[in-house]
Amino acid sequence: MASSRRVLVTGLSTYWGGRLAQALEQDPEIDVIIGVDSEDPTRELDRTEFVRVSTQHALLRRIVEAAEIDTVVDTRLVVDSTTTSSRSAHENNVIGTMNILAACSGPGCKVRKLVFKSSAHFYGTAQDDPAFFTESMGRPHPPTTSIERDIVDAEAAVNEFAEHNPDTTVTVLRCTNVLGPDVRTSHTALFSLPAVPMILGFDPRYQFVHEDDVVGALAHVLRSDLAGAYNVAADGVLAFSEVVGLLGKPYLPILPPWGTGIAATVLKRAGLRLPPEMLGQLRFGRGLDNRKLKATGFVYRYTTRETVMKLAEHLRLAPILRGAQESFTYEREVEDFLRWSPHVRNAAVKGERETAAKPEPIEEPILASGEPVVVAEPEPQPEEPPVDHYDDLEAEEVISLLGSLEASDLAALRDYERETRARESVVTAIEAVLARRATGSRP
Amino acid sequence: MTGTIAAMAERARTSLRPEGAAGTDNGVDGRNLPVPHEGDLRRHLAGVEPERRLNDWGRSERVENALDKLLADFFYRYWFRCEVEGIENVPATGGAMLVSNHSGALPPDAAMISKAVKEEHPHPRPVNITVEHFFKGYPGFSMLIPKLGCVAAHPANVHRLLYDEEQLVLVFPEGRKGTEKLYKNRYRLRRFGRGGFVEAAMRARAPIVPVCVVGAEEAAPIFAHLSPLQKMTGLIYAPLTPTFPHFGLLGMLGYLPAKFHIRFLDPIYFDEDNLDEDKSLVQTVAHDVRARIQENLFEMLEERESVWF
């Protein structure tokens with residue numbers, strides 16, 4: 001079975017680790033979610049178990065073995081040099097990755113899938129870049145910044161792991177710059193400014209991906225079996241001026257084309273941090289070919305343009321909401337109580353939490369034509385089908401089950417099927433069985 | 001003129017999202033989709049968002065139209081009085097590579113070929129002009145050049161345009177060597193690179209249409225190269241032309257009113273896969289294309305009675 005059931009998320013307390021664990025909790029096919037990190041989780045989690053451990057491979061190994069983990073998802077990668085020092089970034093990105101890889105290999109290891117969240121900084125930015133990087137292209141030049149070097153080294157370690165462990169499916173996701181209402185990056189900081197600085201004389205091509213799509217892509221590769229590297233980037237590459245226009249902000253070409261680095265240092269004193277990777281993008285831009293992942297059946301929910309527009313909506317609302325949202329604080333005792341106390345009525349608590357933590361409704365998607373898509377009105381919820389996990393079954397599987405059902409159940413099932421997926425083959429098969437029963441020729 | 005961006009989307013592409021996928025979980029729907037073979041990802045190309053005025057390469061309908069009205073029209077009709085023959089050799093659909101001789105300090109030939117396809121062809125199509133990587137790194141150029149439909153001459157870019165997007169690509173295999181050549185060497189083709197353009201066309205199985213341009217050499221003659229100025233400005237070259245450098249950068253547009261003749265030759269088709277792996281064939285075809293352009297150039301020059309009329 002390709003699908004993952006017992007998942008270890010490394011870097012649970014990072015934004016992506018937390019978001020992924022929340023998404024996996026909704027998936028009934030996943031039995032166990034264990035998260036490790038050296039810091040407390042930053043998001044509210046229901047059934048994910050948190051173990052505070054940094055990336056010591058001996059300890060990780062014991063967790064992996066004890067919990068019979070079959071899938072490891074590594075979301076720890078630091079891709080923004082403004083968030084930490086280059087030394088601790090290196091420690092985390094390269095040494096940490098090697099430790100995690102060491103924990104998933106070795107005799108008797110049950111890990112069958114490793115997902116590594118990488119970054120499009122792997123490709124860097126250079127003058128002679130292709131307009132669209134595909135996964136098979138390497139960098140045209142050696143890495144220039146410490147973060148890029150880390151990412152290249154980490155991916156090299158992951159590749160080596162993949163070569164030595166042919167039984168393990170190793171997926172690398174190279175995510176382009178992420179935007180969204182929730183995630184904080186250097187780019188969201190840049191776009192939050194009242195006017196957006198640019199390099200004079202440059203209008204680079206920019207591609208983004210929505211935060212929900214990154215989480216979706218991580219969940220997608222857990223469901224399917226995809227070996228190799230995949231770019232994660234939304235459809236559409238915009239010019240930077242287009243991005244700024246969509247945000248409704250003026251642009252400020254104040255960075256000089258020559259000596260940009262020096263100007264960035266001056267701006268840093270003034271409180272605006274432009275990491276070197278971003279300076280490269282502001283000069284040359286970058287586009288990724290996202291078709292390889294799309295060909296595996298993944299569907300992006302937002303295009304780059306829609307992603308930017310979502311951010312613009314958020315930025316307009318942000319000053320009003322400021323300080324209104326409470327942040328989550330992790331309390332070990334409370335979490336332990338909720339998970340393990342015999343007095344917690346698990347189902348009830350879970351149900352309550354699920355309704356509370358329901359993801360905000362997806363807004364009406366806008367198609368290319370600009371017309372809002374006619375989303376089918378949510379129909380009155382059909383009754384529970386008489387077969388467990390009915391929605392997960394394929395048509396053939398359903399048909400093979402029909403013989404074992406009572407006539408009343410069959411009728412209910414037929415109605416349910418008509419209301420939900422209305423597969424022709426299933427409905428006719430049910431009707432055929434019912435007809436046979438009616439004439440008394442039960443086999 | 002219909003919108004360039006819309007014209008580029010002529011080919012039926014997948015819409016941005018498969019129908020009905022909007023509300024579902026990412027990827028669940030597509031789980032049963034057959035995975036097409038590695039090479040053919042064309043149906044997964046991003047759809048066109050009609051609200052946008054730029055395409056994914058950075059080509060801007062607005063800037064292009066403005067410049068077309070402001071300059072290209074004037075130069076095409078009244079200044080160079082372009083005469084075009086063999087326009088029917090440019091395919092109306094599918095990818096094709098236009099290969100031309102190249103000259104002029106700020107080469108007017110690219111713009112005129114592109115304008116000729118737009119004006120004379122029964123199915124006007126946008127032409128993507130390949131340019132040096134240099135332009136992406138030079139302030140000002142970097143901003144303007146992609147908006148006019150210029151694309152860096154990277155093999156991956158050419159392949160994507162020809163094969164995946166099935167567009168017209170204009171290539172100058174002489175590259176910089178062509179535009180640098182002095183007036184005294186006019187119409188004598190330089191080396192045609194290393195045949196990379198033929199390989200790209202073969203890989204994409206797109207026909208090559210050789211193009212000859214007469215007039216551009218006289219319109220923007222280069223008498224000498226000013227290497228100190230070149231070093232100072234960091235430009236790829238600093239030529240001495242009738243109007244540059246003494247009239248400043250705009251002097252680059254100071255073309256003399258030479259009469260332009262543009263001739264599109266019969267296309268060369270590549271009907272087999274993996275032709276590009278045969279290096280000797282690649283070189284032979286490159287040589288052949290070069291010879292045909294050179295031959296036709298001399299023929300056109302023989303027939304030309306005056307440089308100006």
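Nothing in this text is a laboratory measurement; each read-out follows from the coordinates by a stated rule. Predicted model only: the values in this text are computed from it and were never measured. Cβ placement follows ideal geometry from the backbone for every residue including glycine, while neighbour counts extend to all protein chains displayed.
Here the spin labels are modelled as points 7 Å beyond Cα on the Cα-Cβ line, and at residue A:409 and residue A:193 they lie 6.6 nm apart. Each of B:126, B:223, A:141 was scored by the projection of its Cα onto the charge dipole of the protein assembly as shown, and the greatest displacement toward the positive side belongs to B:223; charges sit on the C-beta of Lys, Arg, Asp and Glu. Each pair of Cα atoms in the range A:98-251 enters the Kirkwood radius, and Stokes-Einstein at 10 °C and 1.306 mPa s then converts it into a translational diffusion coefficient of 92 µm²/s. On the principal axes of its alpha carbon atoms, the range B:192-232 extends 43, 27, 13 Å, with the longest extent given first. Report the Cα centroid-to-centroid distance between the range A:273-326 and the range B:42-72 in angstrom, as an integer. What the calculation gives is 21 Å, centre to centre. For the protein assembly as shown, DSSP calls about 15 percent of its internal beta bridges antiparallel.
The range B:174-241 and the range A:241-261 have their alpha-carbon centroids 33 Å apart.
Residues of the range B:150-186 falling in the label zone of residue B:133, defined by backbone nitrogen less than 15 Å from a point 7 Å along Cα to beta-carbon, are B:151-158, B:176. In this structure, the pairs whose alpha-carbon distance is over 32 Å, taken from A:292/B:231; B:231/B:259; B:136/B:279, are A:292/B:231; B:231/B:259.
Please give the average number of partner chain Cβ atoms lying within 10 Å of the Cβ of each residue in A:200-208, rounded to a whole number. Before the final figure, lay out each step's value.
Details: counts 3, 7, 8, 8, 5, 6, 0, 1, 0.
Averaged over the peptide's residues, the number is 4.
A DSSP coil position with no more than 16 other Cβ atoms inside 10 Å describes the following trypsin sites (Lys or Arg not before Pro) in the range A:197-289: A:273.
With the simple spin-label model, which puts each label point 7 Å out from Cα in the Cβ direction, the residue A:321 to residue A:91 separation comes to 3.4 nm.
Computed over neighbours whose Cβ is under 15 Å from that of residue B:135, the net charge equals +2, Lys and Arg +1, Asp and Glu -1.
By the count of other C-beta atoms within 10 Å, a proxy for reagent exposure, A:55, A:176, A:307 are ordered fewest to most as A:55, A:176, A:307. In this structure, residue B:225 and residue A:266 have a Cβ-Cβ separation that, at R0 = 22 Å, corresponds to a calculated FRET efficiency of about 0.05.
Neighbouring Cβ atoms from other chains, within 10 Å of the Cβ of residues in B:40-47, number 6 on average. Normalised Debye scattering of the range B:146-283 at q = 0.12, 0.21 Å⁻¹ gives log10 I(q)/I(0) of -0.62, -1.31, counting only Cα atoms as equal scatterers and leaving out solvent. Computed over the alpha-carbon pairs of the range A:164-247, the distance histogram in 5 Å steps reads 3, 12, 20, 20, 15, 10, 8, 6, 3, 2, 0 percent, short to long.
Counting neighbouring Cβ atoms within 10 Å and putting the fewest first, the residues B:232, B:97, A:98 line up as B:232, A:98, B:97. Applying 1/(1 + (r/R0)^6) with r as the Cβ-Cβ distance of residue A:38 and residue A:105 and R0 = 25 angstrom yields a FRET efficiency of 0.70.
According to the Kirkwood expression over distinct Cα-Cα pairs, how big is the hydrodynamic radius of the protein assembly as shown, in Å? One decimal place: 29.2 Å for the Kirkwood radius. Take each residue in B:54-61, count the other chain C-beta atoms within 10 Å of its C-beta, and the mean is 6. For the pair residue B:73 and residue B:183, label points projected 7 Å from Cα toward Cβ lie 3.2 nm apart. Across the range B:163-173, computed HN-Hα scalar couplings (Karplus, 6.51 cos²θ - 1.76 cosθ + 1.60, θ = phi - 60°) run 8, 6, 9, 6, 10, 8, 10, 9, 10, 10, x Hz from first to last residue, x flagging Gly and Pro.
Between residue A:118 and A:173, A:174, A:175, the built amide H atoms are under 5 Å apart, and every one of these is 5 or more places off in sequence or on another chain. Ranking B:140, B:162, B:185 by how far each Cα lies toward the positive end of the dipole of chain B (charges on Cβ) leaves B:140 at the top. Evaluate the Debye formula for the range B:89-189 with equal point scatterers sitting on the alpha carbons, no solvent, and hand back log10 of I(q)/I(0) at q = 0.15 Å⁻¹, in q order, two decimals. Treating every Cα as an identical point scatterer, log10 I(q)/I(0) equals -0.63.
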